[in-house]
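Everything below concerns the one structure shown next.
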Amino acid sequence: MLRACAGPRDGRPGVASLLRARVEELTGTEHRRRVLPVSADRGPRRWRSCVGTRPRLPGARRRSEGIRRARRRSGSLLAVPREPRTPDRAGPHRERVVAVVVAYNRRDLLREALDALAAQTRPLDAVLVLDNASDDDSAAVAGSHPVVTEVLGLARNTGGAGGFAAGLAHAVGPAGAAGKADLVWLMDDDTIPTPTALEELLRARDAYPGPVALLGSRVVWHDGRDHPMNTPRRRPGASGAQIAAARVAGATPVRSSSFVSMLVDARAVRFHGLPVADYFIWNDDFEYSARLLLHGTGLAVHGSVVEHRTRTFGATDADPGERFYYEVRNKVWMITRSGALSPSERALYSGASVRRWVRTFVRSERRDVLLRAGGRGLRDGVLRSPRPTSQVLDGLGPVSDDVAGLEPPVRHAVRDDT
């Protein structure tokens with residue numbers, strides 16, 4: 001339809017004025033005009049008259065609002081401005097993938113994990129081993145392995161939470177000898193990835209039509225069964241479009257993931273900050289991944305498989321003993337202090353956590369230990385808050401500077417509409 005803007009700009013009639021006069025001459029009626037203000041980004045404020053403007057269809061506003069709501073539900077809020085994808089990932093601008101392995105007193109498993117990283121069909125750009133003040137020679141094993149780019153030794157054991165926070169900060173910050181990462185592949189030292197694990201994660205990321213904050217692997221035990229300790233939580237209320245898009249990528253939309261094998265976009269790390277190091281162990285990956293995925297997209301990739309070589313087959317609620325303290329305290333912190341959950345999710349996970357604790361207590365043969373540990377965890381979770389990660393990891397040399405550079409995280413989501 002012809003659209004011409006009227007209004008004399010230099011004293012002469014505009015094209016639309018001439019057309020309107022001709023229409024009135026032929027029809028003997030005055031043509032109706034819609035007068036619209038020129039937007040502020042199109043120069044000085046003036047008015048324009050338009051001929052043949054398309055009438056707004058009934059329900060158009062409702063449909064546009066529905067589209068916006070669908071975009072919000074679809075996880076288009078990566079919470080970082082989207083950057084253009086590189087068309088050719090094999091070219092000179094291929095994204096840099098850095099593996100971060102957190103090690104503590106498991107040198108033999110660490111060696112197997114590093115061997116598995118060396119055998120990846122998509123070679124890693126760098127491998128960083130974070131040694132959490134091991135008593136064995138884990139640091140020496142890592143330092144002598146040909147796949148390892150850098151060994152970062154900490155003077156004290158900061159737990160898995162502190163180790164992953166320090167490793168992430170060093171991988172995405174400017175000071176890392178491994179080079180600044182675009183994507184960080186997080187894993188424990190008892191994670192043995194299959195040769196195509198990384199390749200499948202990247203393939204799914206490329207196949208998904210929108211931005212992805214993180215991707216997780218399928219975690220199995222040594223006999224091939226899915227490991228109950230690392231079962232991702234599916235995204236509740238995922239739309240049909242989300243599920244279909246994930247299916248095309250060979251994945252499932254998830255609400256949380258595990259540090260046993262998690263590929264994280266470095267832009268999301270810079271935006272949301274680091275894992276909460278004060279968690280020490282347990283639920284640190286739950287809190288961190290849920291924080292990234294509150295408005296972001298996370299995928300569990302079926303074709304990416306890693307083996308989690310734990311001593312026993314079971315979840316963390318299988319009689320944890322004194323470690324029950326961290327389970328209770330960290331869950332209380334997450335539900336009451338973290339911004340990772342929506343109000344409805346807080347209520348949901350509160351009930352689920354209480355049921356889990358009761359089940360653990362009933363099955364335990366050391367109920368007195370659980371009572372003491374759980375009581376202390378409940379007290380500390382209610383009475384105090386987790387310390388800032390930069391405070392927990394202070395005094396550890398250059399890595400402390402890396403951590404401080406990523407805190408505090410930005411709190412305001414930025415919509416990705418590009």
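The values are calculated or read from the model by the stated rules, or taken from the named source; none is laboratory data. Worth saying up front: this structure is predicted, and the values here are computed from it rather than measured. Virtual Cβ from ideal backbone geometry, glycine too; neighbours counted across all protein chains shown.
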Only residues that are buried (at least 16 other Cβ atoms within 10 Å of the Cβ) and either in a helix (DSSP H, G or I) or among the aromatic types (Phe, Trp, Tyr) (or both): list them for segment 331-344, please.
Lys331, Val332, Trp333, Met334, Ile335
Being in contact with a strand residue (DSSP E or B) (Cβ under 8 Å, 6 or more places away or on another chain), small (Gly, Ala, Ser) and in contact (Cβ under 8 Å) with a residue 60 or more places away in the chain is the filter; apply it to segment 108-128 and report the residue that is surrounded by the most Cβ atoms within 10 Å (Cβ to Cβ).
Ala113
Residue check for Ala340: modelled with pLDDT of 95 or more and within 24 Å of Arg233 (Cα to Cα):
yes
In segment 145-182, which residues are part of a loop (DSSP other than H, G, I, E, B), at pLDDT 95 or above and out of contact with any Asp or Glu (no Cβ under 9 Å at 6 or more places or on another chain)?
Pro146, Val148, Ala155, Arg156, Asn157, Thr158
Out of segment 184-232, which residues are within 30 Å of Asp319 (Cβ to Cβ) and among the hydrophobic types (A, V, I, L, M, F, W, C)?
Leu186, Met187, Ile192, Val219, Val220, Trp221, Met229
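So how many residues does segment 198-210 have that are under 15 Å from Leu293 (Cβ atoms) and not in a loop (DSSP other than H, G, I, E, B)?
1
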Residue pairs within 9 Å by beta carbon, gap of at least six or interchain, first lying in segment 138-154 and free of Cβ contacts under 8 Å to residues at least 24 places away in the same chain, second among the hydrophobic types (A, V, I, L, M, F, W, C) and surrounded by fewer than 18 Cβ atoms within 10 Å (Cβ to Cβ), listed first then second, are Val151/Ala140; Gly153/Ala133
